[in-house]
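The values are calculated or read from the model by the stated rules, or taken from the named source; none is laboratory data. Since the structure is predicted, the reported quantities are computational estimates derived from the model, not experimental observations. Positions of Cβ are backbone-derived with ideal geometry, glycine not excepted, and every protein chain shown enters the neighbour counts.
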Amino acid sequence: MNRLINEQDGRNYSAKPDSSAAGSQENENTIELTVPDNLAGLRLDQALAQLLPQWSRSRLQGWIEQKCVSVDSAAATCKQKVWGGESIRVIAGQTENDQSHQAEAIPLKILFEDDHLIIIDKPAGLVVHPGNGNWHGTLLNALLNHAPQLSQVPRAGIVHRLDKDTTGLLVVAKTIEAQFDLARQLQQRTVKRHYLALVLGKLEKDGVVDAPIGRHPIHRTRMAVVQNGKPARTHYRVLEKFTASTLLHCSLETGRTHQIRVHLLSIGHPLAGDPVYGRTSPDPSTADAVVRLPRQALHAWQLELTHPHSGQILLWESPLPDDMAALLQAIRNLPHSSVSRPL
């Protein structure tokens, strides 16, 4: 569903992409920006990581080392300090990994598309970005096939991710200008992302988990609540209560890796079916139903953002996928009562 809510004008940009800059190549975008005073004292790579959050810090460091970044027209180094007011030019080129990305004819469920955005309803099993052994068959490969011009946009326009087996809504930027704006909206936490989650155990009331997330100290492929992690905050609201499980409406203030899965586990209510952070339900009847869903019961149900060109606030919704809907129906049919609340 695509619904217009209201209009917002007067958007400002601190970074300006300029594809016509002298010396820029066809597969490069030249970005010019000014260091704000609040970043004074930071290393250049640290400052760029805050100014250009759509790229990883390692990517930015690579560009600095490749002499693709200048400060006040002079070649830059990662460790040099910035003090506010400097003029920075970044040539955002492609890396060898980017050049190896191939367009692949993978079907996409597109809910909305214009010259600036694509809204995708992602199915379970689709990896968003190549990596960790999944170098083909990803959303990025599908996007390059659907819109070949995305090869000129970093990460093919992807600005946020869903886990491989999480379903639901994703926004993709079709231009570097739109990508800048969406990255800023995510950083400023004005993009509203809402999820439906079925967790094990009965939660009696609404709540919020405010706990930092970082790499698990032992299992490095997993995330965990750790003292030195990045700030993370998840709100949850009870929609339906069953004997041994609860349907929640979750909303994010931050977007850490595996955030909902880790936060709900940390309060003793892991997602049903989660192969990494889950566990078996103590109720045999519920356990039998959960076995029918061999993935985490998490769906990105609603997405709201400001259109980067028109300034309109837009909202999309995605219905529950068939497997989650069937699981919920199976649990509702079990001989115990539930209490429902409207979304």
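Could you tell me which numbered condition Q102 fails, if it satisfies all but one of (1) surrounded by fewer than 21 Cβ atoms within 10 Å (Cβ to Cβ); (2) at pLDDT 90 or above?
Checking Q102 against (1) surrounded by fewer than 21 Cβ atoms within 10 Å (Cβ to Cβ); (2) at pLDDT 90 or above, the one that fails is (2).
Keeping to region 120-151, report how many residues are surrounded by fewer than 15 Cβ atoms within 10 Å (Cβ to Cβ), assigned to a strand (DSSP E or B) and either acidic (D, E) or in contact (Cβ under 8 Å) with a residue 40 or more places away in the chain (or both).
Final tally of qualifying residues: 0.
Does K202 satisfy the condition of being under 27 Å from A330 (Cα atoms), surrounded by fewer than 22 Cβ atoms within 10 Å (Cβ to Cβ) and either not assigned by TED's automatic domain parsing to the domain that holds P130 or not basic (K, R) (or both)? Don't jump to the end; show me each part of the working.
Numbers: under 27 Å from A330 (Cα atoms): yes; surrounded by fewer than 22 Cβ atoms within 10 Å (Cβ to Cβ): yes; either not assigned by TED's automatic domain parsing to the domain that holds P130 or not basic (K, R) (or both): yes.
Yes; evaluated as a whole, the condition is true for this residue.
I'd like the full set of residues that are charged (D, E, K, R) and in a strand (DSSP E or B), limited to region 100-119. Break it down into steps so the answer makes sense when it comes.
Initially, region 100-119 is screened for residues charged (D, E, K, R), giving 104, 109, 113-115.
E113, the sole residue that qualifies.
Has region 69-76 got any residue that is farther than 14 Å from S87 by Cβ and surrounded by 14 or more Cβ atoms within 10 Å (Cβ to Cβ)?
no
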